[in-house]
Amino acid sequence: MTVAEDSRVRLAPGVMLRHDRNRGAWMLMAPERVLTLDDTALAVLRACTGPDAPTIGGAIDALAAEYDAPRGEIATDVLELLADLRLKGYLAP
Amino acid sequence: MSCTAADVDAPYAVLAELTHRCPLRCPYCSNPLALDPASRELDTDGWKRVIDQAADAGALQIHFSGGEPCVRRDLEALVAHATAVGLYSNLITSAVLLDAERLARLKAAGLQHVQISLQDVEPEGADRIGGFKGGHARKLEVARAVVEAGLALTINAVLHRHNIERVDDFIDLALELGAGRIEVANVQYYGWGLTNRAALLPTREQLIAMDHAVRARLPSLAGRIVVDYVVPDYYARRPKACMGGWGRRFMNVTPSGRVLPCHAAETIPGLEFETVFDRPLAAIWRDGAAFARYRGTAWMPEPCQSCDRKEQDWGGCRCQALALAGDAAATDPVCELSDAHGTVAELRDRDAAAEVPWRYRGAAG
């Protein structure tokens, strides 16, 4: 499964981003599943999903600027992560 | 005690069995043989306290289940309460009592996900095994309404001797309905399922054909639908981590408020179960005797104790060890390293070859 830079992604039905105070962690809540997110995954999901989210390419631009990192490296990481989350059903096109 | 309270992580989910009442009579029902009557069910305030306590215990999700949870008129109120305390709500339902209007109310209350069980892919076989005429057509209608409402849909395909050949059709149907997830759920032989094992257990040939069919489909399904598929125990070489390990991820509250490590745990003699009237869920989870009994690895006998998989499968299923080896503290006999593994093959081959009618689940009074 590949995810293109000119496309957008959104959280699949029944998937939500939630902070759990108890565990001190951000999580993706999904049907009968929970995925604990690290800081990178959280930043990518915040940049790429939501009602006003840009295209994935736009989100990569924003992340590269925010973290002052080479765009190519950011793009590789973001596309890989999103493809994995798509494959596992957390994201929808 | 198997481990100290300080070692215990919070539960991920609480299964709230709101009722044992159900219009269906599936012969593999996971409810106990001794069903709670309606008169013993916790009332609305009782369940709201359970929901508060589930959140306090650190649970992230709640599964409203049964019986058929939709027979409870207060389901909307309970979902709303779960949402208010920050729990993610799943509804595990036969769907025959649902319609678009009630789904809209449940969604407004914060429901996120609906899991609908299907008994077969065509009405005749499905309604026969469910013992409820018109059930299948109703389920399909409600499944479509779930997707239209923007809720996540899981199809629970319950496989046994009489429908296992249609596993491909189940997957096609789930895709057609727009489900985000399918559970390819082979019947588990506890409770009613155990009493009907000789009527429901598939043959080895059926099992192999089903397994090949599912594995052949998996690559093309990735990214389209999440598939939860577990090889059925009776034909497996290693056990599965039942409930993700005893007292590790789930706690189950019965209609009358007994607090269990798994829904079949009451079959185990000698375990004492607390109720929601005794102590808060967090305390029962942390050091309740029934939860501590098989939690972790200290309780394990050989060959589990020296096995490098002991923290993967957690010794398998205690109820199955009881049912097949006569001892809940034994290694799950599904494991090929168990002394009792031969028994599984014997019982399996005997029951798979039997030709007996199934007995429908009884009614909860």
Pairwise label distance in nanometres, residue B:85 with residue B:205, each label 7 Å out on the Cα-Cβ vector: 5.3
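Rounding to the nearest 20 debye, state how big the charge dipole of chain A is about its Cα centre with +1 on each Lys and Arg Cβ and -1 on each Asp and Glu Cβ.
Numbers: 10 positive and 14 negative charges, 107 e Å.
Here chain A has a charge dipole of around 520 debye.
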Loop-located GluC sites (Glu not before Pro) in the stretch B:203-290 whose Cβ has at most 16 other Cβ within 10 Å (DSSP): B:272
Cα-based convex hull volume of chain A per residue, rounded to whole Å³: 93
Cα-projected label distance for residue B:220 with residue A:53, points at 7 Å along beta-carbon direction, nm: 2.9
Inter-probe distance in nm under a simple model that places probes 7 Å from Cα toward Cβ, at residue A:68 and residue B:346: 7.3
Of all accessible heavy-atom area on the stretch B:1-127, the percent that carbon and sulfur account for (1.4 Å): 49
Among B:345, B:59, B:328: highest mean-square fluctuation, GNM of chain B, C-alpha pairs under 10 Å: B:345
Partner chain coverage, peptide A:9-15 - average Cβ within 10 angstrom: 5
Count of Lys pairs (Cα-Cα under 30 Å; at least 8 positions apart or interchain) in the protein assembly as shown: 10
GNM top mover of A:80, A:66, A:32 - chain A, alpha-carbon springs below 10 Å: A:32
At 0.890 mPa s and 25 °C, Stokes D of chain B from Kirkwood alpha-carbon radius, µm² per second: 117
Peptide-level mean, for B:179-187, of C-beta atoms on other protein chains within 10 Å: 2
Sites residue B:353 and residue B:128, calculated FRET efficiency, Cβ-Cβ separation with R0 22 Å, nearest 0.05: 0.50
In Å², nearest 10: area of residue A:26 left accessible to a 1.4 Å probe: 80
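Using heavy-atom solvent-accessible surface (probe 1.4 Å) with all chains present, what is the largest-first order of A:19, B:81? Spell out each step's value before the answer.
Values: A:19 85, B:81 45 Å².
Heavy-atom accessible area, descending, gives A:19, B:81.
Using 0.36 nm per residue, how much length does the chain from residue B:336 to residue B:144 gain when fully extended, once their Cα-Cα distance is taken away?
Details: separation 192, 0.36 × 192 = 69.12 nm, distance 4.27 nm.
Extra length from residue B:336 to residue B:144 when fully extended: 64.9 nm.
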Extension gain (nm, one decimal) between residue B:102 and residue B:9, 0.36 nm per residue minus Cα-Cα: 29.9 nm
Cα pair distances of the protein assembly as shown binned at 20 Å [whole percent]: 23, 57, 19, 0
Under the Karplus curve 6.51 cos²θ - 1.76 cosθ + 1.60, θ = phi - 60°, whole-Hz ³J(HN,Hα) for the stretch B:78-95, x wherever Gly or Pro sits: 6, 5, 4, 5, 4, 4, 4, 9, x, 8, 7, 9, 10, 10, 9, 9, 7, 6
Within the stretch B:156-240: Cβ-based charge dipole about Cα centre, in debye rounded to nearest 20 (Lys, Arg +1; Asp, Glu -1): 360
Interface burial for A against B (accessible surface, 1.4 Å probe, total of both chains, Å², rounded to 100): 1600
Distance from the stretch B:292-361 to the stretch B:197-242 (C-alpha centre basis), Å: 18
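The values are calculated or read from the model by the stated rules, or taken from the named source; none is laboratory data. Being a predicted model, the structure only gives us computed values, none of them experimental. Neighbour counts are summed over all protein chains in view; Cβ atoms, including those assigned to glycine, are modelled from backbone coordinates with ideal geometry. With ligands, DNA and RNA removed, areas are computed over all heavy atoms of the protein, side chains included. Shrake-Rupley method; radii C 1.70, N 1.55, O 1.52, S 1.80 Å.
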